[in-house]
Every structure is written in C-alpha cells, then in structure tokens.
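The values are calculated or read from the model by the stated rules, or taken from the named source; none is laboratory data. Since the model is a prediction, treat every value here as computed from it, not as a measurement. With ideal geometry, Cβ positions are generated from the backbone for all residues, glycine too; neighbour counts draw on all protein chains shown. Ligands, DNA and RNA are stripped out before the accessible areas are found, and what is left, the full protein with its side chains, is counted by its heavy atoms. Shrake-Rupley method; radii C 1.70, N 1.55, O 1.52, S 1.80 Å.
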Amino acid sequence: MAQGDLGLIGDEQRSNWIRLRTMILLRWFAVIGQLVAITLAQRLYNLQLELGLCYLAVGVSIVGNLIAISVFPENKRLSETENFMMVMFDLLQLCFLLYLTGGLHNPFSLLVLAPVTVSAAVLSLRSTFLLGFTAFALVTGMVYYHLPLRTEQGFILRIPDIFVYGQWAAICIALVFISVYSRRITREMNSMSDALAATQMALARAQKLNDLGGVVAAAAHELGTPLATIKLTSSELAEELDDHPDLVDLKEDALLIREQADRCRDILRSMGRAGKDDLHMRHAPLIEVIREAAEPHQDRGKEILIEDGPGPGGDYTQPQILRRPEVIHGLRNLVQNAVDFARTKVWVEAMWTDDVISIRIVDDGRGFPQHLIGRIGDPFVRRRRSESEKRARPEYEGMGLGLFIAKTLLERTGAELSFANGSDPYSALSDQSERRGAIVEVVWPHSKIVADAAKPGTALGENRPIEI
C-alpha cells in the first residue's frame, strides 16, 4: 500500500464523529449536578441565592436539550460548527451561574476547565483557541464582577483576595496546560489509530494475494477432471467418425474440441503451478525471502547487494524461514526506505546462529536525522526536506508510515528492530566508510522465524501435476 493512500484525518472531520446524543447526555449530567448544588446550598447551608436567575440559567440548558431531542435524531453527527456552538453555550451558561453564586469565591469555578478540555480533544485548533480565550476573559471578569454569597444572617462569604488571585492564576494555567495536554494526547492517539489502520490494510492486501493463489490452485485442480473427460470423449468421437467420410465436418469439430481441451490443460497446469507456489510455499530459504522482498526495488537506479553467512556457532546450511506476508511486506518497506535515501548502494546482510536470525539493511546515504532517530518507527514522523532534495525527488512526500508499518508487521512476527547510523552525519565524507548511511537491524529468535518441519501444518507435501 502506498504511504499516501491513507492520509491524515483532519480535526474538522474528527469532530463529525461526536454524536448529538453524547453531548445531550453530558449536559443532562451537568444540569443534575447544578440543581443538586443549588438545592443543597439553599436548604442545607441556608445561603441566600438569586434562585430565580439560577433556575433560569439551568432551565435554559434543559430547554436546549429538549429542543435538540425533539428536532434532531439521536444518532445525528455534529459538525465542527455545531460542536463549537454547543460547547460555547455550556461555557457561557456555567460562567453565568458562577457569576450568580460568588464567582471565583465559589469552589465549583474549577468546572470552567471542562468545556475547554472537551474542545481540545475533539475540535479544531481555532475553535479550541476561541473557547480558551473566552474562558480566560470570563474567569478574569469574575474576579471583579459577581454576586456575593450571603448567609441567612446577611454575612458575605468570601475568601481573602490573595486566594482569589491564586484561584484565578491556577484556573488560567490549567486552561493552557490541560488544553495542550489533552490535544497532544488525542492527536497522538488519532495518529496511531490511522497508522494501525494503514498497517491492517497493507497486511490484508498481502493476505488477499495469498488467498487468491489458493483459489487458483483449487480451481485448477477441480477443473482438471471435467477437462480430461471432454478430451477423452472428443478423441473417441473423432476415431468413430473416421469410418464416415460424409461426416468430415463433425470430425473436424471433435478434433477442435480436443485441441481446445489441450489448451485449457496447459493453462490450468500453469495456473496450478503458480497457485500451489502461493498456497504451499509456507517457508523458503532466508536469502530467497530477502530477494522476494527486495525485488520490486531492484530497478530503481540503486544497486542492492545481498550478503549472507553464518554467525558464531551457526550452521553453514542456510536456514529455512517462515514465508509470512508480514515478513515480506515489512522487509520490503525497509528496503524501499533504504533505496529512497541511498546514494548508489544498499546492502542487505543476513546472518544466522543457533539462537537468532538477523537481517541488517544498510545504505550509503546521509543516515537518519539525529533529532529523529529516537522516534523512528512512530507514525507520521517525517523530516523537512531541503530544497535540493525537493528538486532531486519532487514526487516523494513520505508520511513516516512506511517504517511504522514495517516495524509493526515485523514485531508481530517476534522480531526486534533497532535503528542507527553507520557514521557521524556531521563528519567529513573522507573519514566515513562506504556503508555510512542508515542501519536497520531486524533480529528474530530462532524459534519465531525458522520453519520446523516437525510442527503441524508446515510440511509442504507433494505438488503433483494435473493429469489429463
């Protein structure tokens, strides 16, 4: 799958994922909490509140919910603007209620953080900024303008000014911190979700190709018998028509049927061979798997050199490894990345011992950027290209998905990946070796990747030709 096939889903599109029913339920919880707080403050603590205005503020939320329920279906997906307006309404309603009940002297003033946090998680940066600025302005205004809380005896409940300013500072700092924190975490989760979807699409594509090979093999096998019958019947019919010179046309038709049956036999034999290769070649020599992975990039103007050999204590016989779609697709993406950034050569070094199978992919390019090397393998991580690179490769615009997909697929097979540079990218070229570029090493435990003929389901069996 091409890395650009998926693309990033924008904040505006993600806001359409929020259902109206979700916002209505959250508002009902807020309404219940506000009514309980007002009732307890008035009856349990005998605070003198502007009950009419307080109930008016809560009633507006109730009326808004009832209108939304009656006009729109519950499964309606809210647009960016609709989401913004609902959250802004909740913020204004809450701040008006706080204004009636002491402003920042009211301990529930911290609830101002809730609408802004929701906005940072689901809305665009512009909407979040507008809501945050509005919340900041309203909180600042409530420092000086609010209706005081009075007891039954007429005493005003207030906290010292230094604590009021401390409350204001705490809320303002929390508005910024929680918004940034919530937005960053949400964006990373969304990016990971998109990248995992791309990985599943790539793996599903490879699996479909394998399944198609199995279908081809099954079709070739099933069609072999009826074709053999057609050939046999047409041959016998042609022989019987030899004794009837007046039926020459029928004899020619019978011979044509036999000829076409032979042609179908040849086609099915070819298809059956290809299908069985996909269906039954569950494992193959290590180097053959590497060659299969690197094959699409052999003719891209860079030389790909494959080297192999046993490591300390390893057998000289090349191991047979599991030919899994994850392995081939993951290695192919790693080779593609090396070819993309190599100058002239890419080396694929295979090594095996009694304990591990190792594949190192090295190029002679500039290597990984130092500031990104710790984040390689994360989705949607890409470095800004220089003008010379844009001129050299104007069609290339990586999204960081290739390495993420490769890392995810290979780790699913039990591999461990490590990324490094062959030399210091800031040192002079004369001081660097030929293999000075990026290095990606993939290491499997022997038991995870090496095919064991004793295990059920790994034996190839015999590929018998179709008999006609």
request  = Inspect all residues belonging to the stretch 100-113 and state whether any of them is touching a Ser or Thr at 6+ places or on another chain (Cβ under 6 Å) and either open to solvent by less than 50 Å² (accessible area, probe 1.4 Å) or of a type in the set (Phe, Trp, Tyr) (or both).
outcome  = no
query = In the stretch 289-318, what count of residues is obtained for those that are part of a loop (DSSP other than H, G, I, E, B) and under 33 Å from the mean Cα position of the chain (by Cα)?
reply = 5
ask   = Quick check: is even one residue across the stretch 38-50 modelled with pLDDT under 90, under 46 Å from the mean Cα position of the chain (by Cα) and open to solvent by less than 40 Å² (accessible area, probe 1.4 Å)?
value = no
inquiry  = For a quick check of your reading: which helices (runs of 4 or more DSSP H) sit entirely within the stretch 53-150 and have at least 2 residues that are acidic (Asp, Glu)?
reply    = 80-100
ask   = Here are some residues: 185, 230, 173. Which one is at pLDDT 80 or above and exposed (fewer than 12 other Cβ atoms within 10 Å of the Cβ)?
value = 173
request  = Consider residue 92 carefully, then state whether it is open to solvent by less than 20 Å² (accessible area, probe 1.4 Å) and of a type outside the set (Val, Ile, Thr).
outcome  = no
remark   = Scanning the stretch 318-348 for residues that are among the β-branched types (Val, Ile, Thr) and either at pLDDT below 85 or crowded, with 22+ Cβ neighbours inside 10 Å (or both), the one farthest from residue 285 (Cα to Cα) turns out to be 339
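Against the definition (surrounded by fewer than 16 Cβ atoms within 10 Å (Cβ to Cβ), of a type in the set (Lys, Arg) and under 23 Å from residue 50 (Cβ atoms)), how does residue 126 come out, yes or no?
Numbers: surrounded by fewer than 16 Cβ atoms within 10 Å (Cβ to Cβ): yes; of a type in the set (Lys, Arg): yes; under 23 Å from residue 50 (Cβ atoms): no.
Criteria not met by residue 126.
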task = Out of 97, 78, 20, report the one residue that is surrounded by 17 or more Cβ atoms within 10 Å (Cβ to Cβ) and in contact with a Cys (Cβ under 7 Å, 6 or more places away or on another chain).
result = 97
